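Here the structure comes first, spelled out in C-alpha coordinates, and everything after it is commentary.
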Amino acid sequence: MLAEFDLKYVPLKAVKGRAVANFPADDPIEEDSVTDLWSFPDKNVVHVEDEVWDVYFDGASSSMGYGVGILLISPKREHVPVSIKLDFLATNNAAEYKACLLGLRSSISLNIKKLLEHGDSSLVTNQVTGSWKIKSNSMAPYQAKIEELEKYFEEIHYVHLPREEIQFADALSKLVALVNIPDHIDNMPLCVEQRSAPSYINEINGSEEDEIEPWYTSILKFKDTGEYPDNLDARGKRALWMLSTHFVEANGGQLYKKTAQGVLLRCIDQKIADKVMEEVHDGEYGPHMNTHVLTRKIMRLGYY
(Lines give C-alpha, C1' and ligand atoms only; values in the text may rest on other atoms or scores of the structure.)
Protein backbone atom coordinates (compact mmCIF):
# COMPACT_ATOMS: atom_id res chain seq x y z
CA MET A 1 0.00 0.00 0.00
CA LEU A 2 2.96 2.35 0.58
CA ALA A 3 4.66 1.45 -2.70
CA GLU A 4 2.86 4.26 -4.59
CA PHE A 5 4.35 6.91 -2.29
CA ASP A 6 7.88 8.27 -2.51
CA LEU A 7 9.00 7.92 1.10
CA LYS A 8 12.36 8.97 2.41
CA TYR A 9 13.48 8.20 5.95
CA VAL A 10 15.75 10.76 7.60
CA PRO A 11 17.34 10.07 11.00
CA LEU A 12 16.48 12.49 13.79
CA LYS A 13 19.29 14.88 14.57
CA ALA A 14 20.26 15.78 18.12
CA VAL A 15 19.22 19.19 19.45
CA LYS A 16 22.14 21.06 20.93
CA GLY A 17 21.84 22.53 24.40
CA ARG A 18 22.64 25.96 23.05
CA ALA A 19 19.36 25.98 21.11
CA VAL A 20 17.42 25.45 24.32
CA ALA A 21 19.32 28.27 26.03
CA ASN A 22 18.88 30.62 23.06
CA PHE A 23 15.11 30.12 22.97
CA PRO A 24 14.30 31.77 26.34
CA ALA A 25 17.01 34.39 25.67
CA ASP A 26 15.41 35.41 22.36
CA ASP A 27 11.87 35.36 23.76
CA PRO A 28 12.06 36.74 27.30
CA ILE A 29 8.96 36.97 29.46
CA GLU A 30 7.79 40.51 30.19
CA GLU A 31 7.16 41.44 33.79
CA ASP A 32 3.55 42.27 33.11
CA SER A 33 2.84 38.84 31.64
CA VAL A 34 4.01 36.90 34.69
CA THR A 35 1.09 35.21 36.37
CA ASP A 36 0.63 32.63 39.08
CA LEU A 37 1.12 29.91 36.51
CA TRP A 38 4.77 30.95 36.15
CA SER A 39 5.46 31.31 39.87
CA PHE A 40 7.04 28.66 42.10
CA PRO A 41 5.18 28.45 45.41
CA ASP A 42 7.57 25.77 46.78
CA LYS A 43 10.81 27.47 45.76
CA ASN A 44 12.08 27.41 49.37
CA VAL A 45 11.73 23.63 49.56
CA VAL A 46 15.12 22.19 48.73
CA HIS A 47 14.79 18.55 49.73
CA VAL A 48 11.96 16.33 50.90
CA GLU A 49 12.97 13.13 52.68
CA ASP A 50 11.30 9.92 51.66
CA GLU A 51 10.21 8.10 54.81
CA VAL A 52 9.39 4.83 53.06
CA TRP A 53 10.79 1.75 54.85
CA ASP A 54 11.64 -1.49 53.09
CA VAL A 55 10.74 -4.85 54.60
CA TYR A 56 12.00 -8.18 53.24
CA PHE A 57 10.12 -11.18 54.60
CA ASP A 58 10.40 -14.92 54.16
CA GLY A 59 9.18 -18.08 55.87
CA ALA A 60 10.72 -21.53 56.19
CA SER A 61 8.96 -24.84 56.74
CA SER A 62 10.90 -28.11 56.99
CA SER A 63 11.08 -31.34 58.96
CA MET A 64 13.46 -29.64 61.44
CA GLY A 65 11.05 -26.84 62.35
CA TYR A 66 9.30 -23.69 61.23
CA GLY A 67 10.43 -20.09 61.30
CA VAL A 68 9.92 -16.65 59.83
CA GLY A 69 12.40 -13.85 59.28
CA ILE A 70 12.23 -10.24 58.21
CA LEU A 71 14.70 -7.45 57.54
CA LEU A 72 13.62 -3.83 57.98
CA ILE A 73 15.67 -1.15 56.22
CA SER A 74 15.15 2.48 57.14
CA PRO A 75 15.44 5.40 54.69
CA LYS A 76 18.91 6.01 56.19
CA ARG A 77 19.86 2.39 55.28
CA GLU A 78 19.77 1.13 58.87
CA HIS A 79 19.09 -2.63 59.06
CA VAL A 80 16.85 -4.22 61.70
CA PRO A 81 16.65 -8.05 61.51
CA VAL A 82 13.83 -9.91 63.30
CA SER A 83 13.11 -13.65 63.35
CA ILE A 84 10.60 -15.83 65.20
CA LYS A 85 10.54 -19.60 65.66
CA LEU A 86 7.13 -21.23 65.24
CA ASP A 87 6.46 -24.02 67.73
CA PHE A 88 3.47 -25.37 65.84
CA LEU A 89 2.80 -27.08 62.54
CA ALA A 90 2.70 -24.73 59.58
CA THR A 91 2.73 -25.11 55.83
CA ASN A 92 4.99 -23.13 53.52
CA ASN A 93 2.20 -20.72 52.65
CA ALA A 94 1.27 -20.27 56.31
CA ALA A 95 4.90 -19.49 57.15
CA GLU A 96 5.01 -16.91 54.36
CA TYR A 97 1.85 -15.26 55.67
CA LYS A 98 3.30 -15.29 59.20
CA ALA A 99 6.42 -13.55 57.89
CA CYS A 100 4.31 -10.92 56.14
CA LEU A 101 2.35 -10.29 59.34
CA LEU A 102 5.59 -10.06 61.32
CA GLY A 103 6.79 -7.33 58.98
CA LEU A 104 3.55 -5.39 59.47
CA ARG A 105 3.55 -5.73 63.27
CA SER A 106 7.22 -4.77 63.55
CA SER A 107 6.63 -1.72 61.38
CA ILE A 108 3.67 -0.65 63.50
CA SER A 109 5.76 -0.97 66.68
CA LEU A 110 8.33 1.37 65.10
CA ASN A 111 5.58 3.85 64.13
CA ILE A 112 6.29 3.45 60.41
CA LYS A 113 3.66 5.02 58.17
CA LYS A 114 4.98 4.25 54.69
CA LEU A 115 6.02 0.69 53.93
CA LEU A 116 7.22 -1.35 50.97
CA GLU A 117 7.09 -5.11 51.61
CA HIS A 118 9.21 -7.49 49.52
CA GLY A 119 8.62 -11.25 49.42
CA ASP A 120 9.51 -14.21 47.24
CA SER A 121 6.09 -15.87 47.53
CA SER A 122 3.99 -15.05 44.50
CA LEU A 123 0.94 -16.54 46.23
CA VAL A 124 1.09 -14.21 49.23
CA THR A 125 2.00 -11.15 47.16
CA ASN A 126 -0.83 -11.61 44.67
CA GLN A 127 -3.42 -12.52 47.31
CA VAL A 128 -2.73 -9.55 49.59
CA THR A 129 -2.85 -7.18 46.62
CA GLY A 130 -6.14 -8.67 45.41
CA SER A 131 -4.79 -10.02 42.12
CA TRP A 132 -5.59 -13.60 43.16
CA LYS A 133 -8.58 -14.88 45.05
CA ILE A 134 -8.15 -16.87 48.26
CA LYS A 135 -9.57 -20.33 47.70
CA SER A 136 -8.22 -21.95 50.88
CA ASN A 137 -10.21 -21.41 54.07
CA SER A 138 -7.04 -21.75 56.16
CA MET A 139 -5.45 -18.71 54.46
CA ALA A 140 -8.51 -16.45 54.82
CA PRO A 141 -7.83 -15.48 58.48
CA TYR A 142 -4.32 -14.35 57.53
CA GLN A 143 -5.72 -12.14 54.78
CA ALA A 144 -8.27 -10.63 57.17
CA LYS A 145 -5.56 -9.85 59.73
CA ILE A 146 -3.36 -8.23 57.07
CA GLU A 147 -6.23 -6.00 55.95
CA GLU A 148 -6.77 -5.00 59.59
CA LEU A 149 -3.11 -4.05 60.10
CA GLU A 150 -2.91 -2.14 56.80
CA LYS A 151 -5.18 0.55 58.30
CA TYR A 152 -2.28 1.77 60.45
CA PHE A 153 -0.25 2.78 57.39
CA GLU A 154 -0.60 5.82 55.18
CA GLU A 155 0.98 4.04 52.24
CA ILE A 156 1.83 0.36 51.75
CA HIS A 157 2.85 -1.64 48.69
CA TYR A 158 3.85 -5.26 48.05
CA VAL A 159 6.58 -6.32 45.64
CA HIS A 160 7.41 -9.85 44.50
CA LEU A 161 11.15 -10.57 44.27
CA PRO A 162 13.16 -13.71 43.53
CA ARG A 163 14.74 -15.49 46.47
CA GLU A 164 18.23 -14.32 45.48
CA GLU A 165 17.26 -10.72 46.31
CA ILE A 166 15.96 -11.48 49.83
CA GLN A 167 18.84 -13.66 50.97
CA PHE A 168 19.09 -12.17 54.47
CA ALA A 169 15.43 -12.76 55.32
CA ASP A 170 15.65 -16.24 53.81
CA ALA A 171 18.73 -17.02 55.93
CA LEU A 172 17.01 -15.75 59.09
CA SER A 173 13.95 -17.92 58.56
CA LYS A 174 16.00 -21.04 57.86
CA LEU A 175 18.34 -20.39 60.79
CA VAL A 176 15.59 -19.99 63.36
CA ALA A 177 13.79 -23.04 61.94
CA LEU A 178 16.86 -25.27 62.47
CA VAL A 179 17.92 -23.95 65.88
CA ASN A 180 16.46 -25.50 69.04
CA ILE A 181 15.70 -22.65 71.45
CA PRO A 182 15.46 -23.65 75.15
CA ASP A 183 12.13 -23.09 76.85
CA HIS A 184 13.52 -20.65 79.45
CA ILE A 185 14.91 -18.31 76.74
CA ASP A 186 12.53 -15.90 75.05
CA ASN A 187 14.96 -13.82 73.01
CA MET A 188 18.28 -14.75 71.44
CA PRO A 189 20.25 -11.74 70.11
CA LEU A 190 21.79 -11.95 66.66
CA CYS A 191 24.99 -10.10 65.85
CA VAL A 192 26.26 -9.99 62.26
CA GLU A 193 29.63 -8.37 61.56
CA GLN A 194 31.71 -7.98 58.42
CA ARG A 195 35.50 -8.25 58.43
CA SER A 196 37.64 -7.09 55.54
CA ALA A 197 40.79 -8.96 56.66
CA PRO A 198 41.66 -12.18 58.53
CA SER A 199 41.73 -12.00 62.32
CA TYR A 200 45.46 -12.70 62.45
CA ILE A 201 46.27 -9.61 60.38
CA ASN A 202 46.49 -7.58 63.58
CA GLU A 203 49.18 -9.89 64.90
CA ILE A 204 51.18 -9.52 61.70
CA ASN A 205 50.93 -5.74 61.72
CA GLY A 206 51.50 -5.50 65.51
CA SER A 207 54.60 -5.10 67.61
CA GLU A 208 55.96 -8.49 66.57
CA GLU A 209 56.19 -7.52 62.89
CA ASP A 210 59.99 -7.39 62.91
CA GLU A 211 60.22 -10.90 64.41
CA ILE A 212 58.34 -12.61 61.56
CA GLU A 213 60.68 -14.39 59.19
CA PRO A 214 60.25 -13.96 55.43
CA TRP A 215 58.56 -16.72 53.49
CA TYR A 216 61.81 -17.67 51.74
CA THR A 217 63.88 -18.21 54.93
CA SER A 218 63.97 -22.02 54.58
CA ILE A 219 65.01 -21.78 50.92
CA LEU A 220 67.75 -19.25 51.65
CA LYS A 221 69.08 -21.29 54.56
CA PHE A 222 69.17 -24.44 52.45
CA LYS A 223 71.03 -22.58 49.70
CA ASP A 224 73.63 -21.37 52.24
CA THR A 225 74.21 -24.40 54.45
CA GLY A 226 72.32 -27.24 52.79
CA GLU A 227 70.42 -27.89 56.05
CA TYR A 228 66.74 -28.80 56.18
CA PRO A 229 64.25 -27.55 58.77
CA ASP A 230 63.76 -29.90 61.70
CA ASN A 231 60.01 -30.39 61.12
CA LEU A 232 60.34 -31.77 57.56
CA ASP A 233 60.02 -35.43 56.67
CA ALA A 234 61.64 -37.14 53.69
CA ARG A 235 58.91 -35.99 51.32
CA GLY A 236 59.15 -32.40 52.51
CA LYS A 237 62.93 -32.39 52.17
CA ARG A 238 62.69 -33.56 48.59
CA ALA A 239 60.11 -30.84 47.82
CA LEU A 240 62.38 -28.17 49.34
CA TRP A 241 65.36 -29.42 47.33
CA MET A 242 63.39 -29.29 44.07
CA LEU A 243 62.02 -25.85 44.91
CA SER A 244 65.46 -24.43 45.68
CA THR A 245 66.66 -25.22 42.15
CA HIS A 246 64.49 -22.34 40.87
CA PHE A 247 66.16 -19.77 43.12
CA VAL A 248 69.56 -18.10 42.96
CA GLU A 249 71.49 -16.40 45.77
CA ALA A 250 73.45 -13.28 44.80
CA ASN A 251 74.42 -9.78 45.91
CA GLY A 252 75.52 -10.70 49.42
CA GLY A 253 72.84 -13.17 50.40
CA GLN A 254 69.86 -11.77 48.46
CA LEU A 255 67.58 -14.47 47.04
CA TYR A 256 66.25 -14.25 43.48
CA LYS A 257 63.61 -16.27 41.64
CA LYS A 258 64.76 -17.48 38.24
CA THR A 259 62.02 -17.45 35.62
CA ALA A 260 61.77 -19.68 32.55
CA GLN A 261 63.13 -16.81 30.42
CA GLY A 262 66.20 -16.50 32.65
CA VAL A 263 65.09 -13.27 34.35
CA LEU A 264 65.96 -12.91 38.03
CA LEU A 265 63.21 -11.55 40.28
CA ARG A 266 64.12 -10.27 43.72
CA CYS A 267 62.33 -12.14 46.53
CA ILE A 268 60.73 -9.72 48.97
CA ASP A 269 58.98 -10.13 52.30
CA GLN A 270 55.57 -8.79 53.30
CA LYS A 271 56.80 -5.38 54.51
CA ILE A 272 58.54 -4.61 51.21
CA ALA A 273 55.64 -6.08 49.23
CA ASP A 274 53.24 -3.63 50.90
CA LYS A 275 55.49 -0.72 49.91
CA VAL A 276 55.71 -1.99 46.33
CA MET A 277 51.92 -2.24 46.05
CA GLU A 278 51.55 1.29 47.44
CA GLU A 279 53.96 2.59 44.80
CA VAL A 280 52.09 0.74 42.04
CA HIS A 281 48.81 2.31 43.17
CA ASP A 282 50.42 5.69 43.94
CA GLY A 283 48.98 8.84 42.44
CA GLU A 284 45.52 10.30 41.98
CA TYR A 285 44.98 8.25 38.84
CA GLY A 286 46.48 5.05 40.20
CA PRO A 287 45.44 1.92 38.33
CA HIS A 288 42.62 -0.27 39.61
CA MET A 289 43.39 -3.91 38.90
CA ASN A 290 42.58 -7.35 40.19
CA THR A 291 44.96 -9.70 41.99
CA HIS A 292 46.36 -11.44 38.91
CA VAL A 293 47.06 -8.22 37.01
CA LEU A 294 48.69 -6.65 40.06
CA THR A 295 50.91 -9.72 40.55
CA ARG A 296 52.02 -9.67 36.92
CA LYS A 297 52.83 -5.98 37.05
CA ILE A 298 54.94 -6.37 40.23
CA MET A 299 56.83 -9.25 38.58
CA ARG A 300 57.51 -7.07 35.55
CA LEU A 301 59.04 -4.55 37.92
CA GLY A 302 61.52 -7.24 39.04
CA TYR A 303 60.00 -8.48 42.31
CA TYR A 304 58.75 -11.87 43.40
Some residue of segment 155-169 being surrounded by 10 or more Cβ atoms within 10 Å (Cβ to Cβ), among the aromatic types (Phe, Trp, Tyr), outside any loop (DSSP other than H, G, I, E, B) and modelled with pLDDT under 85: no
Residue in segment 92-110 that is in the same structural domain as Val128 (by TED's automatic domain parsing) and over 29 Å from Ser136 (Cα atoms) present: yes
Filter result for Val276 (within 41 Å of the chain's Cα centre (by Cα), surrounded by 10 or more Cβ atoms within 10 Å (Cβ to Cβ) and modelled with pLDDT under 80): no
Test: residue in segment 106-129 that is at pLDDT 90 or above, touching a Cys at 6+ places or on another chain (Cβ under 9 Å) and of a type in the set (Asp, Glu): yes
In segment 111-135, the residues that are surrounded by 13 or more Cβ atoms within 10 Å (Cβ to Cβ) and assigned to a loop (DSSP other than H, G, I, E, B): Ile112, Lys113, Asp120, Ser121, Trp132, Ile134
Filter result (β-branched (Val, Ile, Thr) and either loosely packed, with under 13 Cβ neighbours inside 10 Å or in contact with a Gly (Cβ under 6 Å, 6 or more places away or on another chain) (or both)) within segment 243-262: Thr245, Thr259
Conditions (1) under 24 Å from the mean Cα position of the chain (by Cα); (2) closer than 24 Å to Phe88 by Cβ: number failed by Glu147: (1)
Among the candidates Val80, Val124, Val68, residue that is more than 25 Å from Val192 (Cα to Cα) and among the β-branched types (Val, Ile, Thr): Val124
Boolean, Phe5 is modelled with pLDDT of 75 or more, in a helix (DSSP H, G or I) and farther than 30 Å from Pro141 by Cβ: no
Close pairs (8 angstrom Cβ cut-off, 6 or more residues apart or separate chains): polar (S, T, N, Q) in segment 77-99, assigned to a helix (DSSP H, G or I) and surrounded by fewer than 20 Cβ atoms within 10 Å (Cβ to Cβ) anywhere: Ser83/Leu175; Asn93/Leu123
Of all residues making up segment 52-71, the number that are touching a Ser or Thr at 6+ places or on another chain (Cβ under 7 Å) and closer than 13 Å to Ala90 by Cβ: 5
Failed item, numbered, when Ser138 is tested on (1) farther than 25 Å from Pro182 by Cβ; (2) touching a residue at least 24 places away in the same chain (Cβ under 8 Å); (3) not in a loop (DSSP other than H, G, I, E, B): (3)
Output for segment 188-237, where each listed residue is in contact with a strand residue (DSSP E or B) (Cβ under 8 Å, 6 or more places away or on another chain) and either modelled with pLDDT of 80 or more or of a type in the set (S, T, N, Q) (or both): Tyr216, Ile219, Leu220, Lys223, Asp224
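The values are calculated or read from the model by the stated rules, or taken from the named source; none is laboratory data. Here the structure is a predicted model, which means the values were calculated and not measured. Every residue, glycine as well, gets a Cβ built from its backbone with ideal geometry; the counts of neighbours run over all protein chains shown.
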